[in-house]
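Beneath this line is the structure, given in structure tokens, with notes to follow.
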Amino acid sequence: MEADKLVKMANEIASFFEADPDRAVALEGIASHLKRFWEPRMLRELVAWIDAGGAGARESVVEAVKANRERLVPAA
């Protein structure tokens, strides 16, 4: 899947969870949603995109991915 499409989808997920006034809850919601509904391949591509600078990704997506990296993409 193209990284820009993954970023767009992740940003849409983030916009939903950012409505929560508790930042920690919002970040957990983003990470949990990604883990629950995205294929491992999609998660690996998103994490690689974030590692490469995360152009276009919302700040909350970047934060959620970085804080939950091991949970989202376990080491091989």
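Brief remarks on what is shown
- Residues MET9, MET1, sorted so that the one with the fewest Cβ neighbours within 10 Å comes first: MET1, MET9
- Placing pseudo-labels 7 Å out from each Cα toward the beta carbon at GLU59 and ARG71 gives an inter-label distance of 2.2 nm.
- Look at (1) 11.1, 35; (2) 14.8, 40; (3) 24.6, 69: the one that is Rg and Dmax of the Cα atoms in Å derived from this structure is (1).
- For the chain, hydrophobic long helices are taken as DSSP H runs at least 20 Å long by C-alpha position along their axis with mean Kyte-Doolittle hydropathy of 0.0 or more; these are 3-17, 23-37.
- Ranking of VAL73, VAL65 by count of other Cβ atoms within 10 Å, fewest first: VAL73, VAL65
- Largest GNM mean-square fluctuation among VAL62, VAL47, VAL25, using the chain with Cα springs under 10 Å: VAL25.
- Among ARG44, ARG58, ARG23, residue whose mean-square fluctuation peaks in a GNM of the chain (springs only between Cα atoms under 10 Å): ARG23
- Cα-projected label distance for ARG41 with MET1, points at 7 Å along beta-carbon direction, nm: 1.0
- Under the criterion of Cα pairs below 8 Å and six or more residues apart, the relative contact order for the chain equals 39 percent.
- Remark: the chain carries a charge dipole of roughly 240 debye about the Cα centre, counting +1 on each Lys and Arg Cβ and -1 on each Asp and Glu Cβ.
- Here the extension length gained between HIS33 and ASP51 equals 4.5 nm, from 0.36 nm per residue of separation less the Cα-Cα distance.
- Qualifying GluC sites (Glu not before Pro) for the chain [loop in DSSP, other Cβ within 10 Å: at most 16]: GLU2
Since every read-out is calculated from the coordinates, none of them should be taken as a lab result. Because the structure is predicted, anything quoted here is derived from the model rather than measured. Note that each Cβ is placed from the backbone with ideal geometry, even for glycine, and that neighbours are counted across all protein chains shown.
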